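Student: My structure is below; once you've seen it, I'll send some questions.
Every read-out reported here was derived from the displayed coordinates using simple, explicitly stated rules and does not represent laboratory data. Everything numeric in this text was worked out from a predicted model, so none of it was measured. Using ideal geometry, Cβ is built from the backbone for each residue, glycine included, and neighbour counts are taken over all protein chains shown.
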Amino acid sequence: MQAGKKNKPIHYRYFLNMGPQHPSTHGVLRVVIGMYGEYVLSIEPIIGYGHRMHEKMGESRPWQAFLPNTARMDYACALPHQHAYVRAIERMTGVAVPERAEYLRVITTELNRVVSHLLWLGAFLLDLGAFTPILYTFDDREHILDILENVTGSRLTHCYFRAGGVVQDVDDSFEPAVRACIKRMRSRFEMYDKLVTKNIIFIKRTKDIGIIDRDMAVRYGVTGPVLRGSGIAHDIRKAEPYSVYPELDFDVPTGQNGDCYDRYLVRVEEMRQSLRIIEQALERMPGGDVRTKTPKKLNLPPGDVTSTTEGARGDVTYYVAGDGTETPYRLKVRSPCFSNLSLLEELCEDMLLADLIATMGSLDLVIPEVDR
Amino acid sequence: MNQYFSDLLNGARSLIEGFGVTLKALLSPPVTVQYPRETIPVSAGYRGHIELIIDEESGSHRCISCGTCARTCPSRCIEVKGEKPEGGKRKELARFQLDFTRCSLCGTCVEVCPVTALRFSRVYGQAGYTREEFMIDVLKRAGVQK
């Protein structure tokens, strides 16, 4: 924007500490911003406030005991994390999963994705100064959370998947409730279009702001809606299909410019696609068992396994190495938000402070997932 | 200049449309409940803290104090102690303590119990002033008289 700001006298510059407790950082993230007036000169995210050594916890106890931890990294979208972990264990030990369980996994995961995107939508618009939409998104979110609570037992930190299936089968009220919810959500999207997508203030605040081009996205290893917003149609559900996703028909939405507005459009379209997936999965879901019997003590054989799923924010990868005992020898989690956060430094140089907030919001950061 | 006026026009239209949405919401019935005075029913699958199942026939719990739940618990928050009564053959449950401050409600204890003596309670939205309120004496709570 204004050339030569860096050469101005040093006393015109100042540092601004955003966080660790700031509503726009959505968690305990500290961002040290070097400012010149209202312009950002440099930006340095400082992470680690929420570090709970999840990986070490996984390496120091039997693998079953790590299941609740998986839900506590990405608290907004817990099930893809859990799916990646149980898949790694299943591939390692050769435990088979009943088909009904796989369908249940897909349905609950997609519901979880919609929940996560709704939370993001409300919070993002709140960052931009629009207060109303968060009330509507939280209303929608509650309806889906009620369904998930009935199935998984909790509203946020679901612990539903097990190696070899899921904890419990759904009851008779599940299918009608989900169908009613899909119908309701479809009508709500029209409302969001009117309220948000066409809103002139929203467009002016997000269009051509925080442009991530393809090259930059690939360089930083960005995944999820942020990558797809930059025009690269990479979705683990299509690229390395897992579970029953190959049998379901859905599109991978992409953006063109890679700005905040495109990332918004991609996420909203993803919610629509998720509803499509859930509808098809409900149609095709067979009856039968939801969990195979596994021996009480299940040792992890020597060797290692990687398993990736598509979370609401990007690729979630679990690497598990076994050494013949129940406890994993090494456990590594690759969380999408860390890569998505790392490009902030390059992206936000010479930006207005208000645009920085919009850009950070559009990356959909969940800080406990970055820190782990 | 043309862009400026078209922005102005489209912008005004978009704002009016948006206000239409909020006006509609204003006139529709509220979706929230007045929480402390009103509550919504707890869903069937909800997991509260664990409790002992009381058999209707025997009027007692089924726990054999084997301690499998305490051993498998990821957070080590269950303490089970069995005592052999004088002249008795089998151990009887003497103490079943749950440290709910550490419990993550994963449900592993309920799954591993060999005699299905445990289930989730329906206690919703627990809040307290002291840490001691979350040290739950599960056996005492079950109210079994030996």
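Student: Size of the dipole of the protein assembly as shown about the Cα centre, Lys and Arg at +1 and Asp and Glu at -1 on the beta carbon, nothing else charged, in debye to 20?
Tutor: That gives a dipole near 1080 debye.
Student: With loop defined by DSSP as not H, G, I, E or B, and exposure as at most 13 other Cβ atoms within 10 Å, which is the longest segment of chain B clear of exposed chymotrypsin sites (Phe, Trp or Tyr not before Pro)?
Tutor: Here the longest run is B:1-123.
Student: Mind checking which aspartates and glutamates have their Cα closer than 12 Å to the Cα of residue A:207? Skip sequence neighbours fewer than 8 apart in that chain.
Tutor: Partners found: A:259, A:262, A:355.
Student: Another question about this same structure. With springs only between Cα atoms under 10 Å, which of B:47, B:131, B:76 fluctuates most in a Gaussian network model of chain B?
Tutor: Greatest mean-square fluctuation among the candidates belongs to B:131.
Student: Oh, and also: Other chains' Cβ within 10 Å of B:9-15 residues: what's the mean?
Tutor: Taking all residues of B:9-15 together, the mean is 4.
Student: Lysine pairs, Cα distance under 21 Å, 8 or more residues apart or cross-chain: how many in chain B?
Tutor: 9
Student: Let me have the relative contact order for chain A, percent, based on Cα pairs under 8 Å that are six or more residues apart.
Tutor: Relative contact order here is 27 percent.
Student: Within segment A:270-350, list the chymotrypsin sites (Phe, Trp or Tyr not before Pro) lying in a DSSP loop whose Cβ has at most 15 other Cβ atoms in a 10 Å radius.
Tutor: A:329
Student: On to the next question. To the nearest Å, what is the center-to-center distance of segment A:229-249 and segment A:270-340, using C-alpha atoms only?
Tutor: Using only Cα atoms to place each centre, the spacing works out to 15 Å.
Student: Could you list the GluC sites (Glu not before Pro) in segment B:1-76 that lie in coil according to DSSP, counting only those with at most 13 other Cβ atoms within 10 Å of their Cβ?
Tutor: B:38, B:56, B:57
Student: Give me log10 I(q)/I(0) at q = 0.18, 0.20 Å⁻¹ for chain B, Debye formula, one equal scatterer per alpha-carbon, no solvent.
Tutor: -1.10, -1.26
Student: Which chymotrypsin sites (Phe, Trp or Tyr not before Pro) in segment A:33-132 pass both tests, a DSSP loop state and at most 12 other beta-carbon atoms within 10 Å?
Tutor: Values: sites: A:36, A:39, A:49, A:63, A:66, A:75, A:85, A:103, A:120, A:124, A:131; in loops: A:49, A:75, A:131.
Loop-located and lightly packed - A:131.
Student: Give the relative contact order (percent, whole number) for chain B; include only Cα pairs under 8 Å separated by 6+ residues.
Tutor: Worked out over chain B, it gives 26 percent.
Student: Specify the angular offset, from 0 to 90 degrees and rounded to the nearest 10, of the alpha carbon long axis of helix B:2-27 from the longest principal axis of the alpha carbons in chain B.
Tutor: Roughly 40 degrees between the two axes.
Student: Once every Cα of the protein assembly as shown carries one equal point scatterer and solvent is ignored, give the base-10 log of I(q)/I(0) from the Debye formula at q = 0.09, 0.10, 0.12 Å⁻¹, two decimals.
Tutor: Listed by q, the Debye log ratios stand at -0.72, -0.88, -1.20.
Student: For segment A:12-58, just list the percent of Cα-Cα distances falling in each 10 Å bin from zero outward, please.
Tutor: 26, 39, 23, 9, 3
Student: A further question on this structure: For residue B:94, what residues show an amide H to amide H distance below 5 Å, using hydrogens built from the backbone and excluding near sequence neighbours?
Tutor: Amide H neighbours of residue B:94: B:81, B:82, B:83.
Student: When the helices in chain A are scored as -39500 (n - 2.57) per DSSP H run of 4 or longer and the sum is shared across all residues, what 222 nm value do you end up with, to the nearest 500 deg cm²/dmol?
Tutor: Here the helix-only value at 222 nm equals -13500 deg cm²/dmol.
Student: Do me a favour and compute the ellipsoid semi-axes for segment A:174-280 from its Cα gyration tensor, root of five times each eigenvalue, largest one first, whole Å.
Tutor: After scaling each eigenvalue by five and taking roots: 26, 22, 7 Å.
Student: Below 19 Å, Cα to Cα, which aspartates and glutamates can residue A:56 reach? Residues fewer than 8 away in the same chain don't count.
Tutor: Partners within reach: A:74, A:304, A:323, A:326, A:369, A:371.
Student: Okay, moving on. For chain A, which longest stretch is free of loop sites, where a loop site is one of the GluC sites (Glu not before Pro) that DSSP puts outside H, G, I, E and B and that has at most 16 other Cβ atoms within 10 Å?
Tutor: So the longest stretch without any such site is A:39-325.
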